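Every number in this text was worked out from the coordinates using simple rules, so none of it is lab data. Quantities reported herein were computed from a predicted structural model and do not represent experimental measurements. We place every Cβ from the backbone using ideal geometry, glycine too, and count neighbours over all the protein chains shown.
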Amino acid sequence: MKLDPNKPITCEAAVQKRTELDNLKLWESVERTDEKYTKPFTIPFRGTAINPDYLFKKATRVFGPAGKGWGYEITGEQILDTIPIFNDQGEQIAMEKVHTLDVMLW
């Protein structure tokens, strides 16, 4: 909501603007991720993984204990083969894996 400085502000508009500012305050308090809790990856696509314990800690700090002020449900999961791993004789002995989760937060 954008306020017009040439018009008087109504109580309703003031409350709405205050709510927007409060919502942004929450967003801005958690929008930055400490890079020491991240790890880049390139297979099977490029991105940055964030340590899930770090995310739980941030959510707990803002909303309280999991299960009370917030929670989650795992809705999907995959373990993907990525790069082959070879022994000293050049024989493939395993594959590197990437574990992905689809999570619904509430």
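When the range 25-81 is examined, which residues are found to be of a type in the set (V, I, T), in contact with a helix residue (DSSP H, G or I) (Cβ under 8 Å, 6 or more places away or on another chain) and touching a residue at least 24 places away in the same chain (Cβ under 8 Å)?
Result: V30, V62.
Does the range 90-106 hold any residues that are within 19 Å of A49 (Cα to Cα) and not in a strand (DSSP E or B), and which are they?
none
Take the range 48-72 and flag every residue that is over 13 Å from the mean Cα position of the chain (by Cα), surrounded by 11 or more Cβ atoms within 10 Å (Cβ to Cβ) and small (G, A, S).
G64, A66, G69, G71
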